[in-house]
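Here the structure is laid out as structure tokens; the discussion comes afterwards.
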Amino acid sequence: MKQENPLFYLFKKLSWPIGLIIIAVLISSLGSITGLLVPLFTGKLVDKFSFENMNWMFIAGFILVFIVNALLSGVGLYLLSKIGEKVIYAIRSVLWRHIIHLKMPFFDQNESGQLMSRLTDDTKVINEFISQKLPELLPSVLTIIGSMIMLFVMDWKMTLLTFITIPVFVIIMIPLGKIMQNISKKTQSEIANFSGLLGRVLTEMRLVKVSHTEDLELDNAHKNLKEIYFLGLKQAKITAIIQPISGVIMLLTIAIILGFGALRISSGAITAGTLIAMIFYVIQLSSPLVNLSTLVTDYKKAVGASSRIYEILEEPTEPLHLKQEGVITDGSLKFEHVDFKYGVKPILSDVSFEILPSKVTAFVGPSGSGKSTVFNIIERMYDIEQGDITYDGKSIYDIALGDWREKIGYVMQSNSMMNGTIRDNILYGINREVSDSELKHYAQLANCHEFIEQFEDGYDTIVGERGLKLSGGQRQRIDIARSFVKNPDILLLDEATANLDSESERKIQDALEELMDNRTTVVIAHRLSTIKKAEQIIFIDAGKVTGVGTHQALITNHEKYRQFVNTQNLSE
């Protein structure tokens, strides 16, 4: 099955400004038509010009045609360009909306820098085609058709002789256009690779400097840049072939007109004014012909650039707004014979357990056993292979994804933060108005109000990229404050106090106990004090649940749990 043209595929996804297109087409068409009158008036002026009998009305009409042509052409070109800008805006919006709704495995497999390149560099190539080249298409076609008609009307014999060069031009352009498409596709791919490298290095610059790998990353970048350079040279070579050919054909055409036209004037077949008018029409043809010739190559470049966008738009998105009936009632969260693979690697195998409502459930097990995977699956970041997960007896996959995630608060081990103010980060994703007093109250509960107030700008302090201006413990407390504000039904804590000193940890533990009160809480715990307080402990080992019970029960009956507690040096 032949793949759909990726550029047309993009166009189908857009809502086009039909009214504006019709107006722009009409005005630009009128501009092209009035432009066809200029050579005709010029020829008439040459034939009738006389100082003794100056026809001022004719000259005034000639000037008026010039002015009208300029105005119509200018307005038409602006409106067509406006359409192009609207279309590229729509393409970027559609692409970004799709990317932000893609499933998590896509982002695991694609670098952020590459995706940014698709949104900016690839759409820039399409933008140049739509907003600059495509608007010239209709005026160019009208000018070519109109000029040819006028040339045939004036002297069809000389016109036929003039256009013997066009088939040669077309034969040369078709293969060059195909080559340009392939080069453009490779160029955009290399630019995306370079953007990916930049994104990777810039976000991990500390690692680069500590590892002293500056030269290595420079070499990696130079490989990409050289490839982009050589591909750019190939494009330049094709352009260098096309433009001189266009120029030579135009000069050759004018030479034929002048040579053959002189013979036609001497025989009385045409007047000098007619010859001048025909030369004007041929010159008028030159710009549209060049536009159409480069339009083919620019179209091929745009198709090449849209190929990767097409691939992204074909990726499945998350069903955020699934229709459902009734309110989500609270209850127990059950895993029923769940299997999960990451790619081809099995992570969870036949996992079944029940997380009790309004209770604390702690996950314990060796590193890499699948604890964080369970959290990711609860949040529906990844789809399970087999089995089901239910909440109050209803499959969570029958609940709208957006509504399901609204119920969950997640204090992550990585303490993800957006570059913005502390206030922005605490309130990130909160869909209600939060007063300053309420914000400070929750910040105090999370033990972060005090250090926030020490900053010169307080809650309006910029945290930097990924929160690098804050310490790990500060980021963690802001993350906890966000969960306080969100007030979720299900609270996920992934080693929530791992980065805190003992004093801060004690205060945070008190705050967390208040947050966890009468709330379904699931915690990945590496501290014995947290494990002991849990009403239920689930021990995961190599992707399987090997024990469920209280701390005392597992210490007595589960040998591997007992060994884990004794050998992991879990702090109180």
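For the reader, a short list of remarks on this structure follows.
- Computed extension length for Asp108-Phe152: 9.5 nm, one decimal, from 0.36 nm per residue of separation with the Cα-Cα distance subtracted.
- Cα centroid separation - region 73-125 against region 183-227, whole Å: 22
- Label-point separation, Asp219 to Lys124 (7 Å along Cα→Cβ), nm: 2.9
- Taking GluC sites (Glu not before Pro) across region 199-276, the ones in a DSSP loop with at most 15 further Cβ atoms lying within 10 angstrom of their Cβ are Glu204.
- Distance between the modelled labels on Gln243 and Gln444, one decimal in nanometres: 7.0 nm (7 Å Cα→Cβ projection).
- Taken about its Cα centre, region 67-144 carries a charge dipole of roughly 240 debye when the Cβ of each Lys and Arg holds +1 and the Cβ of each Asp and Glu holds -1.
- Between 0 and 90°, nearest 10: helix 214-266 axis offset from the chain longest Cα axis: 20
- For Lys13 and Ile179, a Förster radius of 22 Å and the Cβ-Cβ distance give a FRET efficiency of 0.20, rounded to the nearest 0.05.
- Distant-in-sequence amide H partners of Thr520 (H built 1.01 Å from N, under 5 Å): Ser358, Lys359, Leu491
- Part-to-part distance (alpha-carbon centres) for region 323-389 and region 398-465, which is given in Å: 26
- Each residue, Ala262 and Asp436, gets one label point 7 Å from its Cα in the Cβ direction; the gap between the two is 8.8 nm.
- A helix-only calculation puts the chain at -20500 deg cm²/dmol for mean residue ellipticity at 222 nm, using -39500 (n - 2.57) for each DSSP H run of at least four residues, averaged over all residues.
- Linear extension gain, Leu64 paired with Ser367, 0.36 nm per residue minus alpha-carbon span: 100.8 nm
- Given charges at Cβ of Lys, Arg, Asp, Glu: the chain dipole, positive-most of His222, Ile171, Ile538: Ile171
- Degrees between helix 436-445 axis and first principal axis of the chain (Cα, 0 to 90, nearest 10): 50
- Among 78-86, 17-25, the order from most to least packed when residues are scored by Cβ within 10 Å on average: 78-86, 17-25
- q = 0.16 Å⁻¹: log10 I(q)/I(0) that the Debye formula gives for region 333-567, counting C-alpha atoms only: -1.16
- Region 362-434 shape via C-alpha gyration tensor axes, a/c threshold 1.5: oblate
Since every read-out is calculated from the coordinates, none of them should be taken as a lab result. Bear in mind that the values here come from a model prediction, so they are computed numbers and not experimental data. Cβ: placed from backbone, ideal geometry, glycine included. Neighbour counts: every protein chain shown.
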